[in-house]
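A quick write-up on the structure given underneath.
The values are calculated or read from the model by the stated rules, or taken from the named source; none is laboratory data. Quick caveat, the model's predicted, so the values are computed rather than measured. FYI the Cβ positions are ideal-geometry reconstructions off the backbone, even for glycines, and counts take in every protein chain you see.
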């Protein structure tokens with residue numbers, strides 16, 4: 001899943017290297033963001049931690065904590081499940 005808050009922060013700071021889109025596909029940082037989200041098609045639902053936290057609480061989770069890329073407090077969740085691909089996963 002994309003972390004939309006981090007995407008916007010990178011956009012606002014002008015950090016084009018944050019995005020995986022090569023210059024041949026998009027040069028402007030805003031174009032890189034849109035290209036990565038829409039054109040590459042790997043992300044259907046961009047979200048924020050707040051969005052996920054709210055929905056997980058609605059689903060009955062009592063404690064939701066933010067962790068680094070590939071890290072989970074859920075012992076039953078394998079690393080390969082949460083780190084299945086850099087373009088579709090949370091970025092650290």
Flag if residue 60 is in a loop (DSSP other than H, G, I, E, B), on the phi > 0 side of the Ramachandran plot and modelled with pLDDT of 85 or more: yes
Quick one: count up the residues across region 8-36 that are in a helix (DSSP H, G or I), within 21 Å of residue 70 (Cβ to Cβ) and modelled with pLDDT under 90. 1
Give me the pairs, please: first residue somewhere in region 23-42 and at positive phi, second residue anywhere and part of a loop (DSSP other than H, G, I, E, B) and modelled with pLDDT of 85 or more, beta-carbon distance under 6 Å, and either six or more positions apart or on two chains. none
Would you say residue 90 is touching a strand residue (DSSP E or B) at 6+ places or on another chain (Cβ under 7 Å) and either surrounded by 12 or more Cβ atoms within 10 Å (Cβ to Cβ) or modelled with pLDDT under 90 (or both)? yes
